[in-house]
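This report refers to the structure that appears directly beneath it.
What follows draws every value from the coordinates through simple rules; no lab data is involved. Please read these numbers as outputs of a predicted model, since none were measured by experiment. Cβ: placed from backbone, ideal geometry, glycine included. Neighbour counts: every protein chain shown.
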């Protein structure tokens, strides 16, 4: 691979990947520490509220202090008394989608049932959505790059890595290898709430990935790709949306246990858990900058993003096992790592071709 440090160069991409991986691993460890290891333990909802508060505050402080909100736009437009970047008409909806994505994954984990298959679908959907977005934007004439064959093969092995926990059981059974099957893997199909949460996650990510790539692929001549400006506006919109959603839930007066727990978490913040949101806020930075990385297809960027998160989850599990005696990664996890390695090898070949073309 090229070692270029220029914007869009491979070294720049690897630096973002390193930052994303490190902050993701730390985030995974902190979740387990506060909800399983620390005394007193925090409930999932309590940690979600405090972690999201810390992460959002960290991101807002950075984007405002660094002046990222002054985005370099294709065209400035009047909105009443204000002159703002014309792109806000679709970046703000992307921020609303971000506000939906942030809590839905945790909400799914909080359900009193096995959601293994649901999580496979949610993770794999990002990879599939990224590939579909490329196909749509190529047809629309927005994306002028091709999706390399190596990227398509990486999609296949990335999906295998995501679905290992589901696929390994029937394969092992057919080979006569005893692998314990999880009970109730499809229970989420009988839960309207779980299906709504999963549907919101997939719809929100579909819109967001399309918008990020639309922004990236429609910069005017001489207008630089201002990912920092995009992130700043999106983050502000996401934060405002989450605050409004929480206020609506709290004002509803519902006796639903989740709403009651949300109210308790908002009224009684945990400073250390808020501070633990800083790595989570860093994850948001690196994730967006990888998704929108200059000169790459949505397929490539989406794969890089998901593969790093999968690998980060495995490494966090290893560290938790070594440091705190929690369970080591399962056979399924190691098989998943193998598929990740193959997918990464295909991505490396695609990156080499892309660098040569540039």
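A compact table of results
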| quantity | calculated |
| --- | --- |
| Exposure proxy ranking, count of Cβ atoms within 10 Å, fewest first, for 131, 190 | 190, 131 |
| GNM result for the chain, Cα springs below 10 Å: residue of 103, 269, 257 fluctuating most strongly | 257 |
| Chain lengthening between residue 12 and residue 247 when straightened (0.36 nm per residue, less Cα-Cα) | 80.6 nm |
| Helical contribution to [θ] at 222 nm, DSSP H n ≥ 4, -39,500 (n - 2.57), averaged over the chain, rounded to 500 | -24500 deg cm²/dmol |
| Choice from 226, 256, 268 with maximal GNM fluctuation in the chain (Cα, 10 Å cutoff) | 256 |
| Linear extension gain, residue 136 paired with residue 78, 0.36 nm per residue minus alpha-carbon span | 17.8 nm |
| Length added when fully stretched, residue 69-residue 41, from 0.36 nm per residue minus Cα-Cα | 6.3 nm |
| Least to most buried among 86, 206 (fewest other Cβ within 10 Å first) | 86, 206 |
| For the range 1-157, the spread of Cα positions along each principal axis, largest first, Å | 52, 49, 33 |
| Rel. contact order, % - alpha carbon contacts under 8 angstrom, at least six apart, the range 16-357 | 38 percent |
| Choice from 326, 159, 82 with maximal GNM fluctuation in the chain (Cα, 10 Å cutoff) | 82 |
| Which of 79, 230, 346 has the fewest Cβ neighbours within 10 Å, and the rest in rising order | 79, 346, 230 |
| Debye intensity ratio I(q)/I(0), log10, the range 251-358, q values 0.20, 0.24 Å⁻¹ (C-alpha model) | -1.09, -1.22 |
